[in-house]
């Protein structure tokens, strides 16, 4: 019969490795002057949507370069990127 202690050690090692791998998937970026941690593989469009700006016109700039709306879904954010998001608000 297997030793129950071996399951505990295995589970603890698995959890430690999972946490280390999870931490490795985060990237640090700056969004509108604020430091943020995002999942690796986040696109500009995913960031816009996560900030609640997905349903309104929103311009995005990454490292001072405009990201066209047609490219927002494919433009992956990288560690250290500086992102500026600007939404247009009507009114008068």
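Structure values in brief
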read-out: The stretch 52-77, subset modelled with pLDDT of 95 or more and part of a loop (DSSP other than H, G, I, E, B), residue nearest to the chain's Cα centre (by Cα); value: 77
read-out: Filtered residue count, the stretch 68-92, keeping only those that are closer than 15 Å to residue 38 by Cβ and touching a helix residue (DSSP H, G or I) at 6+ places or on another chain (Cβ under 6 Å); value: 2
read-out: Failed condition for residue 21, given (1) assigned to a helix (DSSP H, G or I); (2) surrounded by fewer than 12 Cβ atoms within 10 Å (Cβ to Cβ); (3) modelled with pLDDT of 90 or more; value: (3)
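The values are calculated or read from the model by the stated rules, or taken from the named source; none is laboratory data. Because the structure is a prediction, the values reported are computed rather than measured. When we count neighbours, we look across all protein chains shown, and the Cβ atoms used for this are built from the backbone with ideal geometry, even at glycine.
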